[in-house]
Amino acid sequence: MQILEKIKNKSVVVGIVGMGYVGLPLGLAFAAKKIKVLGFDLDERKVKLLSKGETYIKHISEKKIKEAVKSGKLKATTDFSRLPEVDAIIICVPTPLDEHREPDMSYVVNTAKMIAKYLRKGQLVTLESTTYPGTTDEILQPLFENATSAGKNKFKVGKDFYLAFSPEREDPNNPDYSTVTIPKVIGGVTPKCLEIASALYDQVIVKTVPVSSTRAAESSKLLENIFRSINIALVNELKMVFDRMNIDIWEVIAAASTKPFGYKAFYPGPGLGGHCIPIDPFYLTWKAREFEINTKFIELAGEINTYQPYYVVEKSMETLNKFKKALNGSKVLILGAAYKKDIDDMRESPSLKLIEIYREKGATVDYSDPLITILPKTRKYNYHMKSIKLTKEKLKSYDLVVLSTDHTDFDYKFIAENSKLIIDSRNAFENRGIKSKNIFKA
Ligand SMILES: NC(=O)c1ccc[n+]([C@@H]2O[C@H](COP(=O)([O-])OP(=O)(O)OC[C@H]3O[C@@H](n4cnc5c(N)ncnc54)[C@H](O)[C@@H]3O)[C@@H](O)[C@H]2O)c1
């Protein structure tokens, strides 16, 4: 039976490579529509937990995983030789930057090589990982056309296998939107590839948005994230300018937000975090160099956003100075390790940078995060730190408490009442109606 027919009668089997923040919810969405999913991951721990119906991402409910596993619709494996069992392969592996801030394509390339080993006729492969325009047809297509399994008669895209790019737009823990309710852009290498990929996603996603090429689809994702990065940089810059003029940026944003057209609110903070906004824009910067063009806006936004944790530390020093204290030798508590509120993901979190800078300035640093009890090792940092439980005595023992992530679960009133000095980088206290002489914004 052809893949299109299998999609239509729901007997299609979907393989998802990379069962992380993107792959897992996508797998659950297919399973919920009674479509069989086989998740592939190198991480044995994730595969074991999934097979037992357990979650490893806080905001993804165990109940949904249990249901999917119990119904036999969701299975997981580390064995890539099972790739021929599936009809469609969706790639959701990481696309980080390397230490020189250049695209690290190793996860995508390794995955593609693995697929090329097992690719069988009639399969659809979709890449979802955020990347620069050209990845799908420059890297994936030749690897698959020369797939080992094709033997001497090379595979032809659009005929022997189908290839598409469809960017993920996941916003973890957003109560208003989930994988299935966010429209999905799709570009195929050939019209047939687009038709098949759209048919597959139409089974689970509220609306698919076809575009003319994989490059247009790759670029649309970059535009979305560059738009955010630049607008956040703009308010971060205005925060610093207005602060010098003794004007509160938060009040200004609230006022501007009453304009019913032509304005969209973005908010300043201690710096960018997460897998997307601090990283993705530089995928375009890198690719643009090949065309002898500089992405000046992107670089400028990156510069301003990267400076934000330093700004928070400068404001901390200024504030301590008002009370005749130095940061050197002070005890600092950082509230929140996650890169945004109410999630347990601390990838690229500005809190990690804050810890580094405060320590460099001679402070002793602790952190408290109800969702991240120990700081896991990251590419850059390996802090052996455990989250501090917030008690009256503990809070009082710090010279400075720095709000970095505005988790809902923090008891803001209690923190305000029991801390000596607070630096608030998210306006979290005032947003909850808490004003106090010991709270300073940064
Ligand atoms: N997290 C988000 O909110 C989000 C939103 C939109 C787009 N994206 C993009 O989606 C992609 C995936 O991001 P994520 O947040 O899900 O990452 P993640 O780290 O949560 O998950 C990736 C998974 O891939 C696995 N993996 C790595 N290499 C592998 C390989 N060769 N074979 C099989 N599995 C492998 C890892 O073990 C991990 O489980 C990235 O390109 C990211 O930019 C993420």
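Check whether at least one residue in the stretch 177-189 is hydroxyl-bearing (S, T, Y), open to solvent by 10 Å² or more (accessible area, probe 1.4 Å) and in contact with a Cys (Cβ under 9 Å, 6 or more places away or on another chain), and report yes or no. No, the stretch 177-189 contains no residue that is hydroxyl-bearing (S, T, Y), open to solvent by 10 Å² or more (accessible area, probe 1.4 Å) and in contact with a Cys (Cβ under 9 Å, 6 or more places away or on another chain).
Of all residues in the stretch 399-419, those that are more than 15 Å from D369 (Cβ to Cβ) and touching a residue at least 24 places away in the same chain (Cβ under 8 Å) have Cβ atoms under 6 Å from Cβ atoms of residues that are open to solvent by 30 Å² or more (accessible area, probe 1.4 Å) and not aliphatic (A, V, I, L, M), 6 or more apart or on another chain, in D399/K331; N418/K392; N418/K396. Filtered by the rule that a residue be of a type in the set (F, W, Y), crowded, with 18+ Cβ neighbours inside 10 Å and more than 20 Å from I89 (Cβ to Cβ), the stretch 197-239 gives no residues. Checking the structure you have, find out if any residue of the stretch 74-84 is within 15 Å of the ligand (Cβ to nearest atom), of a type outside the set (A, V, I, L, M) and part of a loop (DSSP other than H, G, I, E, B). Scanning the stretch 74-84, I find at least one residue that is within 15 Å of the ligand (Cβ to nearest atom), of a type outside the set (A, V, I, L, M) and part of a loop (DSSP other than H, G, I, E, B), so the answer is yes. For the stretch 19-56, a residue qualifies if it is within 10 Å of the ligand (Cβ to nearest atom), open to solvent by 10 Å² or more (accessible area, probe 1.4 Å) and assigned to a loop (DSSP other than H, G, I, E, B), and the qualifying residues are G20, Y21, V22, D41, L42, D43, Y56. Note on the stretch 85-109: residues that are of a type in the set (D, E), out of contact with any Asp or Glu (no Cβ under 9 Å at 6 or more places or on another chain) and outside any helix (DSSP H, G or I) amount to 3.
Looking only at residues in the stretch 276-294 that are open to solvent by 20 Å² or more (accessible area, probe 1.4 Å) and without any contact (Cβ under 8 Å) to a residue 60 or more places away in the chain, the one that is nearest to L222 (Cα to Cα) is I277. Taken over the stretch 249-275, the residue count meeting the criterion of being more than 16 Å from the ligand (Cβ to nearest atom) and either β-branched (V, I, T) or open to solvent by less than 40 Å² (accessible area, probe 1.4 Å) (or both) is 12.
List pairs: first residue in the stretch 38-65 and in contact (Cβ under 8 Å) with a residue 40 or more places away in the chain and farther than 25 Å from V12 by Cα, second residue within 11 Å of the ligand (Cβ to nearest atom) and open to solvent by less than 60 Å² (accessible area, probe 1.4 Å) anywhere in the structure, Cβ distance under 7 angstrom, at least six positions apart or on different chains. Listed by first residue and then by second, the contacts come to I57/Y21; I57/L24; K58/I343; H59/P172; H59/I343.
Could you check, for the stretch 313-324, whether at least one of its residues is without any contact (Cβ under 8 Å) to a residue 12 or more places away in the chain, exposed (fewer than 15 other Cβ atoms within 10 Å of the Cβ) and part of a loop (DSSP other than H, G, I, E, B)? For the stretch 313-324, residues without any contact (Cβ under 8 Å) to a residue 12 or more places away in the chain, exposed (fewer than 15 other Cβ atoms within 10 Å of the Cβ) and part of a loop (DSSP other than H, G, I, E, B): present. Only one entry in L140, L74, L124 is open to solvent by less than 50 Å² (accessible area, probe 1.4 Å) and more than 24 Å from T190 (Cα to Cα), namely L74.
Screening L194 against (1) away from the ligand (no atom under 16 Å from the Cβ); (2) of a type outside the set (S, T, N, Q); (3) open to solvent by less than 60 Å² (accessible area, probe 1.4 Å); (4) part of a loop (DSSP other than H, G, I, E, B) leaves a single unmet condition, (4).
The values are calculated or read from the model by the stated rules, or taken from the named source; none is laboratory data. Since this is a predicted model, take the numbers as computed values, not measurements. When we count neighbours, we look across all protein chains shown, and the Cβ atoms used for this are built from the backbone with ideal geometry, even at glycine. When the accessible area is computed, the model is the full protein with side chains, heavy atoms only, and any ligands, DNA or RNA have been set aside. Shrake-Rupley method; radii C 1.70, N 1.55, O 1.52, S 1.80 Å.
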